[in-house]
Amino acid sequence: MTATPGIELADDLFLQYASLVREKSGLEVTPARRSDLERAVADLTARSALASPDKLYQLLVGQAGDPVLLDDLITRLTVGETHFFRNRPQFEALQNVILPELIEKRRAVLRLRLWSAGCASGEEAYSLAILLRLLLPDLARWNILILATDINRESLEKAVLGRYRPWSFREIPPDLKAAFFVSHGDRFEVAPKIRRMVTFRYLNLAEDSYPSLLTDTVGMDLIVCRNVLIYFNEEVNRLVARRFHETLAEAGWLVVGHAEPSQDIFRQFAVRNFPGTVVYQKSAVVEKYPAFSAPILPDVPAPAPAPLPPPARRPVKAAPAPEKPPARHFLKHLPAPVPAEIQTALRLFAVGQSAEAIQQLKALAEADPANLWPPYELARLYANLMELQAAETWIDSLLRREPLLAAAHYLRGLILQEAGRLEASLQSFRACIYADHEFVLGHFALAGVMARQNQPQRALKAFENVERLLVGRDPAEILPDGDLVTVGHLLEMTAAQKELLAG
């Protein structure tokens, strides 16, 4: 696209645009990159048929906003160039040490979780999939998630399509190219067995939508985030590094580009040296959790039988039939507000004291079996720790008591999805919506599972339900049960997923 010539932003408007980009994406537009921003604004002003950059700015910051147009602006300020097996020393470390170590560690549970954060057009994520295909002869037995996310919708659409020009293969050995790609004229398409291994999603690293079960960003064994943080300022980089640390499982790995910020940004990680590269690892000291025990369920004794009347010496009128006990009304929502003692336990978990948080919640469950909050939060915390069997046991105990509790069905669906039991998770999300048809996150999660099961039309309908339920709501509103995801964030993710499905 040819930029409209001659646009120069006034100083105040340049600062307004730079502030908007920083707020929405974390990208830092320095005065040295002023011309890049002016070219991007010129392109979008012409594309939108607007009279001036001022009008474009008002459109971007207006109450309705235009997230797609804003993404286009941000995309023009980043470089999405990548190729397969880019940076050989890092991929050699992945192939020879990191992935084999993770495979051995996870063999008992047959589960691996990898995240390509800032995946651009997908070559990096597909390279990881190829490595796993080479390293795992029993791949079919494993529950593997390769999550690939980006803020650039156009790049994600290209990644899903999986077709690349020869320039993307400049570091891939010819035998791998022949084994995992199919020629289509002047392009090569990723083989279906590799494409099926990767899940592409929209995600903005500058926002607080991770770590979260909702975005599949918990318990990661490996995060690869290269040539992304160079666009952020120091404050955003520190936030991203902290979130990555929280997202990783114990002893998980973080791979960043050579030009990324100094090691001080990643000081909570251990530094690991490999030939030609440096990578980071979350503390290898594995926290010891209390031995898992079955949830404490309230014992409901059978009602004692009424004493028999003494034998009658003469006929008496039959006693009136006892009144039927009132029908029980099952709860659809957890009682509000969250009790203070629950919040105390959750604060412990937030600062890394997982064992203490779990112990406190178990004590609360034992002391007050009628309290619904301890089993719900125990299920959620165990799920965030990827202790999925424990999480499922606690949430099932809660649903036995309150079978219409929408949030519990939703959480159960997320747990089963993480366990790779997609059909069962689908049923849980449907039960969530049955209990509360306006539970918007249930519709979003339902759409995600349908998309993974190759049901694009049903997924699109579920995404449309999300948009219908959110229309007119404040974009800054935090959604209940959504790990701080806002209305605006969910609408952005929904729009991006719809585009991927439609493409």
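The values are calculated or read from the model by the stated rules, or taken from the named source; none is laboratory data. Note that this is a predicted model, so its numbers are computed, not measured. Positions of Cβ are backbone-derived with ideal geometry, glycine not excepted, and every protein chain shown enters the neighbour counts.
The residues listed here are LEU114, LEU134; of these, the one that is of a type outside the set (Val, Ile, Thr), surrounded by 16 or more Cβ atoms within 10 Å (Cβ to Cβ) and either in contact (Cβ under 8 Å) with a residue 60 or more places away in the chain or assigned to a helix (DSSP H, G or I) (or both) is LEU114.
Consider region 364-384 and keep the residues that are touching a residue at least 12 places away in the same chain (Cβ under 8 Å) and among the charged types (D, E, K, R). The one that is surrounded by the fewest Cβ atoms within 10 Å (Cβ to Cβ) is GLU366. For ALA120, the conditions (1) touching a Gly at 6+ places or on another chain (Cβ under 9 Å); (2) in a helix (DSSP H, G or I); (3) modelled with pLDDT under 95 all hold with the exception of (2). Kindly indicate whether ALA140 is outside any helix (DSSP H, G or I) and either crowded, with 24+ Cβ neighbours inside 10 Å or free of Cβ contacts under 8 Å to residues at least 24 places away in the same chain (or both). Here the answer is no, as ALA140 does not meet what is asked.
So that you can scan it fast, the table gives a plain yes or no per residue for (1) over 20 Å from ASN384 (Cα atoms); (2) assigned to a helix (DSSP H, G or I); (3) touching a Cys at 6+ places or on another chain (Cβ under 8 Å):
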| site | (1), (2), (3) |
| --- | --- |
| SER155 | yes, yes, yes |
| ALA159 | yes, yes, yes |
| ALA179 | yes, yes, no |
| SER183 | yes, no, no |
| SER209 | no, no, no |
| THR215 | no, no, no |
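If I go through region 329-363 residue by residue, how many of them are without any contact (Cβ under 8 Å) to a residue 40 or more places away in the chain, β-branched (Val, Ile, Thr) and within 17 Å of ALA379 (Cβ to Cβ)? Of the residues in that region, 2 qualify.
Of the residues making up region 458-503, those that are polar (S, T, N, Q) and part of a helix (DSSP H, G or I) are ASN465, THR494, GLN497.
Set side by side, the residues LEU385, LEU422 differ, and just one is farther than 19 Å from ASP481 by Cα, at pLDDT below 95 and under 20 Å from the mean Cα position of the chain (by Cα), which is LEU422. Residues that are touching a helix residue (DSSP H, G or I) at 6+ places or on another chain (Cβ under 7 Å) and buried (at least 18 other Cβ atoms within 10 Å of the Cβ) within region 145-158 comprise ILE146, ALA148, ASP150, ILE151, ASN152, ARG153, LEU156, listed in sequence order. Among residues of region 400-417 being among the aliphatic types (A, V, I, L, M) and crowded, with 19+ Cβ neighbours inside 10 Å, the one that is farthest from SER212 (Cα to Cα) is LEU405. Quick one: would you say LEU60 is touching a helix residue (DSSP H, G or I) at 6+ places or on another chain (Cβ under 6 Å), farther than 22 Å from LEU229 by Cβ, not charged (D, E, K, R) and not in a helix (DSSP H, G or I)? Considered against the rule, which asks whether it is touching a helix residue (DSSP H, G or I) at 6+ places or on another chain (Cβ under 6 Å), farther than 22 Å from LEU229 by Cβ, not charged (D, E, K, R) and not in a helix (DSSP H, G or I), LEU60 comes out as no.
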